[in-house]
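Right, one structure below, let's go through it.
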Amino acid sequence: MKNFFRFTERNTSYKQEIFAGLTTFLSVSYILVVNPLILSQAGMDRGAVFTATALTAIIGSLLIGLLANYPIAIAPSMGLNSFFTFSVVIGMGIEWQVALTGVFIAGIIFMILSLMKIREKIINAIPEDLKHAIAAGIGFFIAFIGFKNAGIIVADPDTFVSIGNLTSPGTALAIVGLVLTIIMLVRGVNGAIFYGMAITTVIGMLVGLIKIPSSIIGSIPSLEPTFGAVFMNWEAIFTLDVLAVIFTFLFVAFFDTAGALIALTSQAGIMKNNEIPKIGRALLADSSAGAIGAVLGTSTPATSVESSSGIAVGGRTGFTALIIALCFAIALFFSPVLAVITTEVTAPALIIVGALMAMDIKNINWSKIEVVIPAFLTIIMMPLTSSVAMGLAFGFILYPLSLLVQKRHKEVHPIMYVLCLLFILYFIFIV
């Protein structure tokens, strides 16, 4: 097992990988509660979506762990499940079965692009400075999500965002968890992020902010209401609206995954010489999970940026992903216990992980204006738009244009010019 996952080469151990897997699972487990809640608003059966969500995460995480040896979780994407429900089903009036067929078709196209190594070539064509900007931008994005989930940052009609009520019970609990985790980190405690979440949960129970579950084991809801629904409405997909939806699923998921993989493999030390080993296998795992998830009954899965919490604890190999998959499998039987993993518990981990990922900003060449502006906009637009893909769009448009006007167009890979044009067209016709 150690040889298969290359423990010695990546300087890790079973203990380190298990802690990493548990930490990532705790950070991403909210998807088992939130995804069914969001998709149920599209008319889907909440119980079936819960089971589909868990199974998709199990399959996706196993695939990326075994095929690519990455310490990463794959689970339904929070951004795309909201797009699925509120933009496609509610906003456009498309039936959820038809929308799910669109997710399935996008997954199949992803698989073809992955097998043809087109996605791999695109990721390897991205300049090194932009890759560091992507990693840093996702760090800021994750930290912003953490601050929002904790109630430390709240919406404000005048200033867009503002400081929240720091004395409210939930926010105070998150702050206590944040301080405890920081103390353990600076003291060099291994597994500090995991311990921080565990201690915060116990404190929450003791003070009555987190309900102690009345039962531990629950039955697994049936998949019947959603399983195979993608094959029922093929004739309805041949409309301009549905084709636009398929393209959007394809486009946004493509670059969300690309950005996440670049950031996470950089954080884990897997990316070498601006290239990511076995990236093709990772992309195939991700796209396969997309097609399988649609058949089971959930919206598009993606590489989970929350995997950064496990990597920060020490996850370096696919064994971490196996632990994540095992945790999702156990969660199928212990759904009542998931109620204790609240946003106040996971928020400190997201804030700290965001800070750790933002350290990649030091590797950007800040002395050149043609690098500074695309890199800065890549970073800042991710938290401001709540979209990794939007951050990439600004960087991918401005970087080749900046070098083009400097008459240094030969220094830019031709693929970057194609991406620049695609993003411009995306802004004109889709956004």
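Couple of notes before you dig in:
- For region 333-419, carbon and sulfur atoms together expose 71% of the accessible surface, with a 1.4 angstrom probe and every protein chain in place.
- Calculated [θ] (222 nm, deg cm²/dmol) that DSSP helices of n ≥ 4 give over the chain, each run adding -39,500 (n - 2.57): -21000 deg cm²/dmol
- Using the 1.4 Å probe convention, the accessible area of the chain works out to 42 Å² per residue with neighbouring protein chains retained.
- In region 196-286, chymotrypsin sites (Phe, Trp or Tyr not before Pro) in a DSSP loop with at most 13 other beta-carbon atoms within 10 Å: PHE238
- Using a Förster distance of 41 Å, the FRET efficiency for VAL337-LEU384 (Cβ separation, nearest 0.05): 0.70
- Electrostatic bookkeeping for VAL418 treats Lys and Arg as +1 and Asp and Glu as -1; over the other residues with beta carbon under 14 Å from its beta carbon, the sum is +2.
- When region 264-399 is reduced to its Cα atoms, the Kirkwood hydrodynamic radius in Å: 17.5 Å
- Whole-Hz ³J(HN,Hα) from phi, Karplus 6.51 cos²θ - 1.76 cosθ + 1.60, for region 215-232, glycine and proline x: 9, 10, 9, x, 6, 7, x, 6, 7, 3, x, 10, 4, x, 4, 5, 9, 8
- Here the Karplus relation 6.51 cos²θ - 1.76 cosθ + 1.60, evaluated at θ = phi - 60°, turns the backbone of region 136-141 into coupling constants of 5, x, 5, x, 4, 4 Hz, with x for every Gly and Pro.
- With 0.36 nm allotted per residue and the present C-alpha distance subtracted, the ARG187-MET92 stretch has 29.0 nm of extension available.
- The LEU240 and ASN165 beta-carbon pair, evaluated with R₀ = 41 Å, returns a calculated FRET efficiency of approximately 0.30.
- Taking all pairs of distinct alpha-carbon atoms in region 342-430, Kirkwood radius in angstrom: 14.6 Å
- Between VAL405 and LYS272, the C-beta separation translates, for a Förster distance of 35 Å, into a calculated FRET efficiency of about 0.65.
- Taking amide H atoms as placed 1.01 Å from N in the peptide plane, the amide H of VAL161 lies under 5 Å from those of ASP156, each 5 or more residues away in sequence or on another chain.
- Rg/Rg_ref, region 148-239, where Rg_ref = 2.2 N^0.38 Å and atoms are Cα: 1.74
- Whole-Hz Karplus values for region 274-284 come out as 6, 10, 10, x, 6, 4, x, 5, 5, 5, 5 Hz, taken residue by residue from phi with 6.51 cos²θ - 1.76 cosθ + 1.60 and θ = phi - 60°; glycine and proline positions read x.
- Scattering profile of the chain at q = 0.07, 0.10, 0.11 Å⁻¹ [log10 I(q)/I(0), Debye over alpha-carbon scatterers]: -0.32, -0.67, -0.83
- Principal axis extents of the Cα atoms in region 189-315, from largest to smallest and rounded to whole angstrom, are 55, 49, 22.
- Close Lys-Lys pairs in the chain, where close means Cα under 23 Å and separation is 8 or more or interchain: 20
- Relative contact order of the chain, taken over Cα pairs closer than 8 Å and 6 or more residues apart, is 35 percent.
- Sequence-distant residues sharing a close amide H with ILE153 (under 5 Å, placed H): LYS148, GLY164
- Environment charge of ALA229, counting only residues whose C-beta is closer than 11 Å and scoring Lys/Arg +1, Asp/Glu -1: -3
The values are calculated or read from the model by the stated rules, or taken from the named source; none is laboratory data. Note that the structure is predicted; figures quoted are calculated from it, not measured. Cβ coordinates were reconstructed from backbone atoms using ideal geometry, including for glycine residues, and neighbour counts include every protein chain displayed. Side chains included, ligands, DNA and RNA excluded: accessible areas come from the protein's heavy atoms. Shrake-Rupley method; radii C 1.70, N 1.55, O 1.52, S 1.80 Å.
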